[in-house]
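The next block holds one structure in the form of structure tokens; read it before the comments.
The values are calculated or read from the model by the stated rules, or taken from the named source; none is laboratory data. Please read these numbers as outputs of a predicted model, since none were measured by experiment. Because the Cβ atoms are built from the backbone with ideal geometry, glycine has one as well, and the counts that use them run over all protein chains shown. Please note that ligands, DNA and RNA were not included when accessible areas were found on the heavy atoms of the full protein model with its side chains. Shrake-Rupley method; radii C 1.70, N 1.55, O 1.52, S 1.80 Å.
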Amino acid sequence: MNITHIEHIGIAVENMEEAIAYYENVLGLTCYAIEEVADQKVKTAFFQVGQTKVELLETTDPDGPIGKFIANRGPGLHHIAFAVDGVADSLQQAEDKGIRLIDKTPRPGAENLRIGFLHPKSTFGALTEFCGKK
Ligand code: ZN
């Protein structure tokens, strides 16, 4: 696989408006997009930081993945997303090397990107996402 950079870092928040105010008013970043990803039951907000983005995640359903994460572990760092040339190929290559996958095939993510997750039990506790245009 070919990882080019860290595409984004996902942060689970309880209150999107309060979190956006922190990133804008304290850190001086600008929220350039807010988007709901129905598939993942989340609302996302994006900030560009160089080549990388910060993705805030607020659940739209207590039973969604972010709702469960916050219930179990509280808000905070949720996942790291690597930009790859091909998400399907990269998932396959990871699986071939014995990594447990959450997504066997890519699914739609925010910003019209394809995404797929590796299981944190196989990635030393850091939920890992591959992210790409195809
Ligand atoms: Zn993500």
Helix 87-96 against the longest principal axis of the chain: what's the angle in degrees, Cα atoms only, rounded to the nearest 10? 60 degrees
The answer for the net charge of residues other than Val42 whose Cβ lies under 10 angstrom from its Cβ, with Lys and Arg +1 and Asp and Glu -1, is -4
Rounded to the nearest 20 Debye, what is the dipole magnitude of the chain about its Cα centre when Lys and Arg each give +1 and Asp and Glu each give -1 at the C-beta? 480 debye
Could you work out how far apart the two model spin labels at Arg73 and Ser122 are, taking each label as a point 7 Å from the Cα in the direction of the beta carbon, and quote it in nm? 1.7 nm
At 1.4 Å probe size, with every protein chain present, just tell me what the per residue accessible area of the stretch 78-134 comes to in Å². 53 Å²
Could you work out the relative contact order of the chain? I mean the mean sequence separation of Cα pairs under 8 Å and 6+ apart, divided by the number of residues, in percent. 26 percent
Of the residues Tyr22, Gln92, Leu57, the Cα lying farthest along the dipole of the chain towards its positive end, which is defined by charges on the beta carbon of Lys, Arg, Asp and Glu, belongs to Gln92
Select from the stretch 43-134 those chymotrypsin sites (Phe, Trp or Tyr not before Pro) which occupy a DSSP coil region and have at most 12 other Cβ atoms within 10 Å, ordered by residue number. Phe124
Just how far, in whole angstrom, is the stretch 111-126 from the stretch 39-56 if you go by their alpha carbon centroids? 15 Å
With respect to the cross-link table entries Lys53/Lys97; Lys97/Lys121; Lys41/Lys68; Lys43/Lys121, which display a Cα-Cα separation exceeding 18 Å? Lys53/Lys97; Lys43/Lys121
Just flag the trypsin sites (Lys or Arg not before Pro) in the stretch 85-125 sitting in loop per DSSP whose Cβ has no more than 15 other Cβ atoms within 10 Å. Lys97, Arg100, Lys104
With a bin width of 10 angstrom, please list the P(r) values of the stretch 10-134 as percents of all Cα-Cα pairs, from the 0 bin to the one holding the largest distance. 13, 43, 35, 8, 0
With all protein chains present, how much of the accessible area of the stretch 3-133 (probe radius 1.4 Å) comes from carbon and sulfur, to the nearest whole percent? 52 percent
